[in-house]
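Read the figures in this text as sums done on the coordinates, not as results from a lab. It should be emphasised that the depicted structure is a prediction, and the values quoted were computed from it without experimental measurement. FYI the Cβ positions are ideal-geometry reconstructions off the backbone, even for glycines, and counts take in every protein chain you see.
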Amino acid sequence: MFKSKKDTVYVILAGIFITNAIVAELIGGKLIHVGSAVMSLGILPWPIVFVSTDLINEYFGDKGVKKLSIITASLIAYTFILLFIGMQIPAVNGANLVSDSQFNGVFGQSMWIIVGSITAFLVSQLIDVSIFHFVKNKTGDKMIWLRSTGSTVISQLFDSFIVLGIAFWATGKMDTPTYIVSAFTGYFVKLIIAICLTPLIYLGHSLIEKYIHS
């Protein structure tokens, strides 16, 4: 049993945070076109991670976010270890069954993509929490949108360039012009979605306040 309502809130937010972070990694291998640029499909769940990060920041401080970020990074690594083991086990052959090539094609992330994803995740989360609390210390309990959006604007710029830089540019799979365009495209898409989801921050804040103080 949880000791308090805040414990329940933390577990729910942590579950949302971890689920979306891992799903983002699992679907990140699919690249899609945004205009003429290329973007990873893994970007789609990240705005929900932003929202949950900001709510955890708001009620549990930087220690709550940092601890959860380390746990999540460890779980992402654990997920890829299980997938790697799974890819070494031969599949049953037969019609309408998932073959080894199909399974490996979906889940066979390269080591550099894994390293890039986890590095970008940890760096962006640490930057996000630092900026969030810097702005909060300056504005107090007012201007929730500023600390939420402001921390996302800066942290996700680093995230977008780090993950593509390690996984594709540094390994020679992507030339410099494509790398820059793709990183900025992913960044702006995440930013636009995050801004559109700003009302969710206020809704979540309101629901948590009512639940905790009811």
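The lysine pair tally for the range 1-151, using Cα distances under 28 Å and a gap of 8 or more places or different chains, is 24.
Annotation for the range 115-178 versus the range 64-88: alpha-carbon center distance of 19 Å. Angle of helix 144-164 to the longest C-alpha principal axis of the chain, folded into 0 to 90 degrees and rounded to 10: 20°. The list [x] 32, 22, 14; [y] 45, 23, 16; [z] 39, 19, 17 gives values of semi-axes √(5λ) of the Cα gyration tensor in Å, and only one came from this structure; which label was calculated from it? Here the calculated entry is [x]. For residue 34, the residues whose modelled amide H falls within less than 5 Å of its own, excluding neighbours fewer than 5 places apart on the same chain, are 39. Maximal additional length on extending the residue 207-residue 104 stretch stands at 32.9 nm, based on 0.36 nm per residue less the C-alpha distance. For the range 115-173, the relative contact order is 54 percent, taking Cα pairs closer than 8 Å that sit 6 or more residues apart in sequence and dividing their mean separation by the residue count.
Classification of the range 63-149 by its C-alpha gyration tensor yields a prolate form. The axis ratio a/c (a ≥ b ≥ c) is 1.5 or more, and a/b outweighs b/c.
Quick one: length gained pulling residue 173 to residue 74 fully straight, 0.36 nm per residue minus the C-alpha distance?
Working: separation 99, 0.36 × 99 = 35.64 nm, distance 2.65 nm.
The residue 173-residue 74 span can extend by a further 33.0 nm.
Does the range 1-40 come out rounded, prolate or oblate, given a ≥ b ≥ c as the square roots of the eigenvalues of its C-alpha gyration tensor, rounded meaning a/c under 1.5 and, failing that, prolate meaning a/b above b/c? Judged from the Cα gyration tensor, the range 1-40 comes out prolate (a/c at least 1.5, a/b above b/c). For the range 88-156, trypsin sites (Lys or Arg not before Pro) are listed when DSSP marks them as loop and at most 16 other Cβ atoms sit within 10 Å of their Cβ; the list is 142.
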